[in-house]
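Asks: The structure that follows is given in the form of C-alpha cells.
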Amino acid sequence: MPSYKFLFLPGDGIGPEVARAAEEVLAAVGEKFSHQFTVAHAHIGGAAIDATGDPLPPETLSAAKDADAVFLGAVGGPKWDGGARRPEEGLLGIRKALGLFANLRPVTPHPAVLGASPIKAEVLKGTDIMVVRELTGGMYFGEKTRTKDSASDMCTYTRAEVERVVRRAAEFARARRGKLTSVDKANVIETSRLWREVTIDVMNREFPDVELEHILVDAAAMFLISRPSSFDVIVTENLFGDILTDEASMLAGSMGLLPSASLGEGKRGMYEPIHGSAPDIAGKGIANPMAAINSLAMALRYSCDLAEEANAVEAAVNACLDAGEKTPDLGGSLDTMAVTKAVIARL
C-alpha cells in the first residue's frame, strides 16, 4: 500500500475549520483508493506565537521538510496586530525555507454558481485561468526600513528567480491552450523591465511554440473583469500576483472556492485555500471548505502523483455545487462540516 506523509498546519481564524475538512477528505480518499496517508500537525502563524512566541517554530519547519505535502489553513488576525511578531512571518518564512517559488492559483468559475459572481455570466463564459505567482522574491522579501516619518520596502529580482517561475508557467501553458501572459509594470519599474527581458529570453529559447503576450498590471486588472476568458496562463511577480488573484476570486463567486499550490523544484509543496483567516466568521462553522478540499486535490496531484484521486475529489466538489450543497457565501444553507460530508459522500 503506497504511503504519503502529510503535515497539517491549521493556523488561525477559520484555518482549523477548513483544515479539518481537508483532513477528513484525505482520510476518505485513503479508504477509497487504498492509500496510507500519515498525518501530523504543527503550529504556524498566530497560533504558533501563542504557543511558542515564534510564528514559525523550528519543529514546524523540521516537520514540513520531512513531509511529502504540507497543508496550511490560514494565518493572521487582529489579535496579533501591533505585536512584536506577526503571524505572516511564519507564512513567508516557510515558503522561503522550503524553496516554494511558484504559487499556482487556478480560476475556473463553475456554471452552477455563476450567479454568485458580481460579473455577468456571459462575460465569465469560457473562463479557465491558471495564475502562476512568483512567491519568494520581490517587495515581500526585500530589505525594509522604517523611521517616524518614512518607510521603504526594497523590491529585488534576479534573472534566475524570474527564469525559474516563467519556465514553470510556460510548462503549464504548453500543456493547456498554449498562451502565456506575463504581467508587469515595465513602463515605470526597473524590476519589471528585467522581468520582461528575461521572460522574452526564456520563451524565445525554450518555448517558441507558446504564444507570449505582455500586459501592464493595471490593464491586467481591468481585463480580468472585462474579458477573463482571453487568459490561459498568467505569470507575474509576488505583489502583483497577490492582488490579481484576490480580484480573480470574484470571477468564481467566492474566495471560498479557490485553491492554491506552492511548489519548488521537487515534489514537495504547500497547499492552502486563498481566502485567508476570515476572523469575522471564525468559530461560526459556516466557512466554505471547498477551496481547502480542492487544495488537497492539488496536493494529491502535484506532490503524490495521484491524478485519478485528485480528479475524483474535484468531481465530488463540482457535484455538490451542481446539487446546491453549498455554504452561505454561495447562497446555500449548509455549514462547513455538512458540505464536507457531502463531498465525501460523492467520492
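The values are calculated or read from the model by the stated rules, or taken from the named source; none is laboratory data. Note that the structure is a prediction, hence the values are computed from the model and not measured. Cβ sites come from the backbone with ideal geometry, for glycine too, and all protein chains shown count toward neighbours.
Asks: Looking only at residues that are acidic (Asp, Glu) and crowded, with 24+ Cβ neighbours inside 10 Å in the stretch 1-58, which one is farthest from Val75 (Cα to Cα)?
Replies: The qualifying residue farthest from Val75 (Cα to Cα) is Glu17.
Asks: If only one of Thr127, Thr191 is closer than 22 Å to Ile243 by Cβ, assigned to a helix (DSSP H, G or I), modelled with pLDDT of 95 or more and among the hydroxyl-bearing types (Ser, Thr, Tyr), which one is it?
Replies: Step by step, each of Thr127, Thr191 is checked, and only Thr191 is closer than 22 Å to Ile243 by Cβ, assigned to a helix (DSSP H, G or I), modelled with pLDDT of 95 or more and among the hydroxyl-bearing types (Ser, Thr, Tyr).
Asks: Met270 versus (1) at pLDDT 95 or above; (2) in a helix (DSSP H, G or I): which is the lone unmet condition?
Replies: Every condition holds for Met270 apart from (2).
Asks: Listed residues Val313, Val233, Val339, Val317; which is modelled with pLDDT of 95 or more, of a type in the set (A, V, I, L, M) and in contact with a Phe, Trp or Tyr (Cβ under 6 Å, 6 or more places away or on another chain)?
Replies: Criteria check complete, one pass: Val233.
Asks: Right, next: Residue check, Ala299 against (1) within 29 Å of Leu100 (Cβ to Cβ); (2) modelled with pLDDT of 95 or more; (3) in a loop (DSSP other than H, G, I, E, B); (4) out of contact with any Lys or Arg (no Cβ under 9 Å at 6 or more places or on another chain), all met but one. Which one?
Replies: (3)
Asks: Just one of Thr156, Thr145, Thr136 is surrounded by fewer than 18 Cβ atoms within 10 Å (Cβ to Cβ), assigned to a loop (DSSP other than H, G, I, E, B), in contact with an Asp or Glu (Cβ under 9 Å, 6 or more places away or on another chain) and of a type in the set (S, T, N, Q); which is it?
Replies: Thr156
Asks: What tally of residues in the stretch 27-44 results from selecting those that are part of a helix (DSSP H, G or I) and touching a helix residue (DSSP H, G or I) at 6+ places or on another chain (Cβ under 6 Å)?
Replies: Here the count works out to 3.
Asks: Now for a separate question. Being in contact with a Gly (Cβ under 6 Å, 6 or more places away or on another chain) and part of a helix (DSSP H, G or I) is the requirement here; does Ala291 meet it?
Replies: yes
Asks: Still on this structure, please answer the following. Output yes when any residue across the stretch 90-100 is touching a residue at least 12 places away in the same chain (Cβ under 8 Å), surrounded by fewer than 19 Cβ atoms within 10 Å (Cβ to Cβ) and among the β-branched types (Val, Ile, Thr), and no when none is.
Replies: No, the conditions are met nowhere in the stretch 90-100.
Listed here are the residues, each with its yes/no results for (1) at positive phi; (2) in contact (Cβ under 8 Å) with a residue 60 or more places away in the chain.
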position: Val70; (1), (2): no, yes
position: Val75; (1), (2): no, yes
position: Ala84; (1), (2): no, no
position: Gly115; (1), (2): no, yes
position: Lys120; (1), (2): no, no
position: Arg133; (1), (2): no, yes
position: Gly138; (1), (2): yes, yes
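Asks: Could you please let me know if Ala169 is within 19 Å of the chain's Cα centre (by Cα) and of a type outside the set (Phe, Trp, Tyr)?
Replies: Yes.
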